[in-house]
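**Q** So that we are looking at the same thing, I have put the structure below in structure tokens.
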Amino acid sequence: MKILKKFKFQKKYLAFFTVMPLLLVTSFIQVDCPVCDGTGTVTNSLGMENVRVVEMESREIGTMYHACGMFLMYGYEVDFTLKNEGSQDAIGWIKMVLVDFEEGKPTDRRYTVVEVPADSAWEFTFSAWFQSNHDEKRVTEVRLEVLTGEIPDETCDGIGTIALNTYPVVSNLKQQFQELYAAEVPWVPPAFWQWYDDEDTGTGAFTDNPELEQ
């Protein structure tokens, strides 16, 4: 009888030891991403091959720690002017890239939708937050690129496949993921974060400590 009770007590762990190996195995199996149907790209641009950047300026508006202080987020306000030299209105994407000068390579990217009427120049201003790979502040800059075709699917990092164990979630949220590519979705700090100026360093940052407001 005691042996049976002991067996029943251990039986509740059966699901755990059954599911965990399945999750591990399915994490290595790749399937076509349902958002881009395995192509790795989404959204066609219209007339963007005739659009060029004629003026651009970026200003850092702050930094903040994210993911328990593991890395810094850089906030930038980007002003730029696009000129459409074509005879049709252009609708498409601009890629904003955060460049780390110490490593000499891009560290993060953000996309935004633009529309430029035919044979005209338009000014734009966007705010964006970029993720770095370091927890210390570095010299960075934002650069722009006009995308003339399709853009990488961020859901699958542009490779066209995702792990099998994530497929059910991505598939159920397919419409929501696709809608993200139809409009600009800027990253905004949570409401409890507040900006303060550090007089000692001459810089600023977001903080959830109200004492630093002063």
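The values are calculated or read from the model by the stated rules, or taken from the named source; none is laboratory data. This is a predicted model, so every value here is computed, not measured. Here the Cβ positions follow ideal geometry from the backbone for every residue, glycine too, while neighbour counts run over all protein chains shown. Heavy atoms of the whole protein, side chains included, go into the accessibility calculation; ligands, DNA and RNA do not. Shrake-Rupley method; radii C 1.70, N 1.55, O 1.52, S 1.80 Å.
**Q** Would you check the accessible area of Ile29, probe 1.4 Å, heavy atoms only, in square angstrom rounded to 10?
**A** We get 70 Å² for Ile29.
**Q** Taking amide H positions as placed 1.01 Å from N in the peptide plane, with prolines and chain starts having none, which residues 5 or more places from Asp100, or on another chain, fall under 5 Å of its amide H?
**A** Amide H to amide H, under 5 Å and 5 or more residues apart or across chains, Asp100 pairs with Lys105, Thr107.
**Q** Multiply the residue gap between Ser120 and Arg59 by 0.36 nm, knock off their C-alpha separation, and tell me the result in nm, one decimal place. Write down the numbers at each step before the final one.
**A** On the way: separation 61, 0.36 × 61 = 21.96 nm, distance 2.53 nm.
In short, 19.4 nm is gained.
**Q** Residues with amide H under 5 Å of Ile61's amide H, sequence separation 5 or more or different chain, H placed in the peptide plane at 1.01 Å from N; which?
**A** The answer is Gly75, Tyr76, Glu77.
**Q** Each label point is 7 Å from the Cα along the Cα-to-Cβ direction; what then is the distance between the points at Leu164 and Arg143, in nm?
**A** It is 4.1 nm.
**Q** Report the label-to-label distance for Ser87 and Val113 in nanometres (one decimal), using points 7 Å from each Cα along the Cα→Cβ vector.
**A** Computed distance between label sites Ser87 and Val113 equals 2.7 nm.
**Q** Write down the accessible area per residue of region 78-158 in Å², having rolled a 1.4 Å probe over the full set of protein chains. Could the numbers behind the result be given before it?
**A** Numbers: 3940 Å² over 81 residues.
Averaged over the residues of region 78-158, the accessible area is 49 Å².
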